[in-house]
Amino acid sequence: MKSIFSNIKGDIFGGITAGIVALPLALAFGVSSGLGPSAGLYGAIFLSFFAALFGGTSTQISGPTAPMTAVSVVVIAGIVAANDGDVTKALPYILFVFFLAGLLQVILGLAGLGKYIKYIPYPVVSGFMTAIGVIIIITQILPTVGYYPKEDVAFVNEFKPQAEEIILQNILKDEAGEGILVLEDFKETINRAGTITEDQILKESQTLAASNTSGVIGAVKSLPRAIGNINWLELILALSTIFIIYGFKRITTAVPSTLVALLAVSGVAYFGGLDYRSIEQIPSGLPIPHFEMFTQFSLGGISPYIFTALSLALLGAIDSLLTSVVADNMTKTKHNPNKELIGQGIGNSISSIFGGIPGAGATIRTVVNINAGGKTKLSGMVAALLLLLILLALGPVASQIPAAVLAGILITVGIGVMDYKGLKAVVKMPSGEVVIMFIVLILSTFWNLVNAVGIGLVMACLLFMKKMGDVSEKRSDVKSLKKEKSWEDEADFPEDLKEKVYIKHIKGPLFFGSTSNFQSLTKQIPSSAEYVIIRMGRSPYMDQSGLYALEDAAMELVQNGKKVLLVNVLTQPKYMLERIDLVPDLIPKEHIFKTFKDCTSWIKEQTKN
């Protein structure tokens, strides 16, 4: 590991360059999350600094990423909805879920599970990443055309009856909790209902309107109204941003095109005095810790989201470690996966305390850092300090950025995050893997990201086990020695014994996906056979299903008067056989041989008597 000060000049330049690239993305992800641009900026600052300080990848630049933000949006929307649409009321629960996700990442790292992340199947990752891109693009269509459902008076009024119903339900619930609800007399209910103002009904109606148009399905349902209410200025600002991001790359890549688009379009809009919608106000000064996330903690409030916190932790781990692999390939170094998870977890936990959204190692920002000269942890810390300086000095200026500009930036992020390599390979890949990819893609886009990944993992595992079982069964023939193609050491087997001996070659692991031909083993053995040799030298592993399948077959063979002989039983299968006393209770130890030659010699001795 290089000293943190061994490459000061390169690390400072790399960190500054990466920080400049991170700025517009942090603001955009913050707005997209629903917690505002400051949440994205705080996440980038604290995660980048502490993940670099404690992580296991020297050149990693961390911060909010598209996948982490997409899952965070689900968490935020769900908790806000459960708290009557009040973000302030929901914030402690939201931040605690983010804190828990970081804590789980630390636990994963301490448990040494970082090395297992690589076993996530590619079709699942491909479908998930493409879904993230589709989700971002679709959900940014409304702000791109300048349509905000909460400000559409006619649309909001459609939810007025439902809003009044919810308010009345809350009144009745409060009375029931206070023990004063009397079905025969609703005077108190009427009195309380009379205190409800039009503003309260409007606020509840706006919350329902926003909830009804959130997510992919909500955005799709809102498209007709959005198209009928296009704000042409907002649309032009968003399209100009997209055009500059893609167009400027053709001129030069020395300067981040996203930053150029942000400064150019925002500058024209602001200095041109255009009547545009700006992002939310970014608070000035140092971020304030939200200790109420601990003082107002309620297990019941966050228990529905514990699994989601674990999903955030796992997703952040995958996202970060994939970026670490990219960094290794570029720098010819080797990252420490468990230490990286600990660093990411510490960063996400501290970020949540200050109101930041969670993130992970960011590939583009890491590549920019390396190309600009970053080589040690100092580069990631410099990137964080630059963002903190911008927050302290330029917070009010950044608050004037048009919301449409960030929507345009996010659309390009959505386009870029999609897995085109996987999509192009659809026509060439096995149908099973293609089906898994599209199932994950569709379920992630229109249902639930976390559940979709879980279903994809289960399907991928089942498909893998089915294929392995098929391969094992195909290779592991059940034939008599006379009919089967012999192994080299079986070539000289005595001709007069071939009808008395039946041989079974086990090639590969004996697990639940490859046990079916054991069920037909006894039926294929001719009555003339006296000995059944099971050769296990090429079977390194046996699970419980394989163990019991072998036991059932051996038991039936013994009952039919056959002698079962095992040859070259490897360590793990032997341990399994002895655990259930199959050896020596059913198969005596003298029926177990180290080599086929020993087994043959024993059979010859037996047949002489």
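The values are calculated or read from the model by the stated rules, or taken from the named source; none is laboratory data. Keep in mind it's a predicted model, so treat the numbers as computed, not measured. Using ideal geometry, Cβ is built from the backbone for each residue, glycine included, and neighbour counts are taken over all protein chains shown.
Here are the numbers for this structure:
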item: Subset of the range 466-484 [surrounded by fewer than 16 Cβ atoms within 10 Å (Cβ to Cβ), out of contact with any strand residue (DSSP E or B) (no Cβ under 8 Å at 6 or more places or on another chain) and at pLDDT 55 or above]; result: Lys466, Lys467, Met468, Asp470, Val471, Lys474
item: Residues of the range 556-596 that turn out to be over 19 Å from Lys507 (Cβ atoms), part of a helix (DSSP H, G or I) and either over 46 Å from the mean Cα position of the chain (by Cα) or not hydrophobic (A, V, I, L, M, F, W, C) (or both), as a count; result: 13
item: Criterion (out of contact with any strand residue (DSSP E or B) (no Cβ under 7 Å at 6 or more places or on another chain) and of a type in the set (A, V, I, L, M)) met by exactly one of Leu47, Leu23; result: Leu23
item: Test set (1) over 16 Å from Phe354 (Cα atoms); (2) under 21 Å from the mean Cα position of the chain (by Cα); (3) at pLDDT 90 or above - Leu25 fails condition number; result: (3)
item: Any chance Val265 is under 25 Å from Pro396 (Cβ atoms), at pLDDT 85 or above and hydrophobic (A, V, I, L, M, F, W, C); result: yes
item: Among (1) at pLDDT 85 or above; (2) more than 18 Å from Val413 (Cβ to Cβ), the one test that Ser257 misses; result: (2)
item: Residue in the range 270-283 that is in the same structural domain as Leu389 (by TED's automatic domain parsing), among the polar types (S, T, N, Q) and either touching a residue at least 24 places away in the same chain (Cβ under 8 Å) or in a helix (DSSP H, G or I) (or both) present; result: yes
item: Residue that is surrounded by the most Cβ atoms within 10 Å (Cβ to Cβ), among those in the range 105-151 that are hydroxyl-bearing (Ser, Thr, Tyr) and either touching a residue at least 40 places away in the same chain (Cβ under 8 Å) or in a loop (DSSP other than H, G, I, E, B) (or both); result: Ser126
item: Answer residue from the range 83-98, given it is over 14 Å from Leu299 (Cα atoms) and part of a helix (DSSP H, G or I) and is modelled with the highest pLDDT among those; result: Phe98
item: Any hit, the range 172-185, residues being without any contact (Cβ under 8 Å) to a residue 24 or more places away in the chain and crowded, with 16+ Cβ neighbours inside 10 Å; result: yes
item: Of all residues making up the range 234-257, the number that are part of a helix (DSSP H, G or I), farther than 13 Å from Ala407 by Cβ and of a type outside the set (D, E, K, R); result: 7
item: Test for Gly422: is it among the small types (Gly, Ala, Ser) and over 21 Å from Gly43 (Cα atoms); result: yes
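Yes/no matrix, rows are residues, columns are (1) in contact with a Leu (Cβ under 7 Å, 6 or more places away or on another chain); (2) surrounded by 14 or more Cβ atoms within 10 Å (Cβ to Cβ); (3) over 21 Å from Lys498 (Cα atoms); (4) not assigned by TED's automatic domain parsing to the domain that holds Lys507:
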position	(1), (2), (3), (4)
Pro526	no, no, no, no
Ser539	yes, yes, yes, no
Asp543	no, yes, yes, no
Glu590	no, no, yes, no
